[in-house]
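One structure below.
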Amino acid sequence: MIGISKLSLGQDEEEAVLRVVRSGQLAMGLETHDVETEFSKRLAGVECIAVSNGTVALTLALAAMGVGPGDEVITTSFSFIGTVEPIIQLGATPVFADVDLASANIGVDGLEALITTRTKVILPVHLYGRPVDLAAIRSIAAKYNISVLEDACQAIGASDANTGEIGSSGTAVFSFYGSKNIACGEGGLVTTDDPQLAERIRLLRSHGSIETYRHALVGYNARMTDLQAAILRVQLESLDRVTAGRRSNAAYYLTSIHNDALVLPPGDDRISASCFHQFTLRLQSAADRDDLQAWANQHDVETRAYYPYALSSHPVIEGLGFGARCDNADALSKVVLSIPVRESLSHDERTHVADVINGWEPACR
C-alpha cells in the first residue's frame with residue numbers, strides 16, 4: 001500500500017534523542033532553546049515559542065491576544081476541528097466564513113460582512129499547505145483594528161510572494177504531529193513579530209511563571225520536551241528537501257493526471273507557493289468519491305478525505321449553537337479526496353498513483 005504519510009526518522013534523530021537522555025534534561029533545556037533559535041533564524045528573526053502541540057499553540061496565541069467570553073473569532077468553515085476548539089474553550093464565539101471551492105481556503109470577499117464590534121481575531125487556515133491571501137486578510141484586519149492569527153499547522157515551508165515564508169511575519173502557529181511534513185510526534189510552535197505578545201505566550205506556556213513559584217498570571221502546562229525539540233532540530237534541517245520533493249510530486253500529478261471526472265487542486269502561481277501537505281482532488285459527488293477511494297484501495301493506493309465534514313455544520317459545533325450555513329464548505333466535505341504526495345514517494349510509486357487515478361471511471365456513468 002502506498003501510504004498518504006510516512007514519518008521519516010533515521011540515525012540522526014536517534015542520536016539526538018540519545019543526546020537528550022544522556023544529558024538528563026528532558027524539558028525546557030538547551031534543545032528547546034536551540035530549536036526556537038533555529039526556527040527564528042529561518043523565519044526572518046521573528047520570536048519563536050516551542051510548545052507541546054499545534055492545538056495548544058492556537059490556544060496560547062488566542063489567549064495572549066486577549067480572546068475570551070464575549071469575543072468573536074472569524075475563522076474558516078473547512079478545517080480540522082482543532083482549529084475551532086481553542087476558540088470555544090476560551091469562551092469566545094467562532095464565526096464561520098465560507099471557503100473558496102478551488103483552493104478550499106477561507107474566502108476573502110465575505111470577511112468584512114462578518115465583522116462586528118465583538119470581533120477580536122481573524123483566524124485563517126493555510127489548508128493543505130496552500131497559503132491564504134494574507135495581504136488581503138491583513139488589510140481588512142488593519143481597517144477594523146483586529147488581530148490576525150494564522151493556523152499554519154499544515155503550512156511549514158510554504159510561502160507568499162507578498163509576505164514571505166509563512167511564519168516570518170505576523171503571528172502564526174505550526175504543528176509537528178507525526179503526519180506533518182516535518183514531525184517530532186507531537187509538538188507545536190508559535191511565531192510572532194510582536195515581542196510583547198511573545199512574552200505573554202512564554203508566560204502562558206509555563207503556568208504564568210516568572211521564576212520558580214512566582215507567577216504573573218494563570219497559565220498552562222504547554223511546554224515542548226527536549227526529546228521533541230531534539231528530533232525537530234534534525235527534521236528542520238531537511239525541510240527544504242522535503243518541500244522540494246512534495247512540490248515535485250505535485251507538479252508531476254498536475255501534468256500527468258488526466259481524468260475528466262475529477263478536478264485537480266491549483267498549482268503554485270506568482271503569489272502562493274504551497275508546501276503540499278496534501279494533494280487533494282475534487283470529485284463530482286459523494287458517490288464518486290467513495291467509488292474512487294475503493295478503486296484506489298484495490299490498487300494499493302491509500303486515500304483520505306480531508307475533511308468529511310464542514311466545521312460550520314459539524315454536529316458538535318451545531319450542538320453548541322455555533323453552526324452556520326457555508327455552502328462551499330458543505331459541498332467540499334462530500335467530494336474531497338487526498339492522494340499520496342509525500343517527498344519519500346519513489347518514481348515508480350508516484351507513477352503508479354497517477355496511473356491508478358487515470359484508470360478510474362465513475363461507476364454510475
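The values are calculated or read from the model by the stated rules, or taken from the named source; none is laboratory data. Source: prediction; values computed, not measured. Cβ coordinates were reconstructed from backbone atoms using ideal geometry, including for glycine residues, and neighbour counts include every protein chain displayed.
For segment 142-164, the set of residues classified as surrounded by 20 or more Cβ atoms within 10 Å (Cβ to Cβ) and among the charged types (D, E, K, R) consists of E150, D151, D160, listed by residue number. For segment 143-163, the tally of residues that are at pLDDT 95 or above and out of contact with any strand residue (DSSP E or B) (no Cβ under 9 Å at 6 or more places or on another chain) stands at 2.
Scanning segment 296-320 for residues that are part of a helix (DSSP H, G or I), of a type outside the set (S, T, N, Q) and more than 24 Å from A102 (Cβ to Cβ) returns P315, V316, I317, E318, G319. Among residues of segment 222-247 that are of a type in the set (S, T, Y), those with a beta-carbon under 8 Å from a residue that is in a strand (DSSP E or B) at least six positions away or on a different chain give the pairs T225/A27. Comparison of L262, L283, L332, L311 shows that the only residue that is crowded, with 18+ Cβ neighbours inside 10 Å and touching a Ser or Thr at 6+ places or on another chain (Cβ under 8 Å) is L311. Look at (1) surrounded by 18 or more Cβ atoms within 10 Å (Cβ to Cβ); (2) of a type in the set (D, E, K, R); (3) under 21 Å from L127 (Cβ atoms) and you find that D268 fails only one, number (1).
Residues in segment 176-198 that are hydrophobic (A, V, I, L, M, F, W, C), crowded, with 23+ Cβ neighbours inside 10 Å and outside any loop (DSSP other than H, G, I, E, B): C184, L189, V190.
Kindly indicate the residue of segment 204-231 that is in contact with a Gly (Cβ under 6 Å, 6 or more places away or on another chain) and in a helix (DSSP H, G or I) and also farthest from Q25 (Cα to Cα) among those meeting that condition. Restricting to residues being in contact with a Gly (Cβ under 6 Å, 6 or more places away or on another chain) and in a helix (DSSP H, G or I), the top hit is L204.
Counting residues in segment 43-55 that are charged (D, E, K, R) and in a strand (DSSP E or B) gives one or more.
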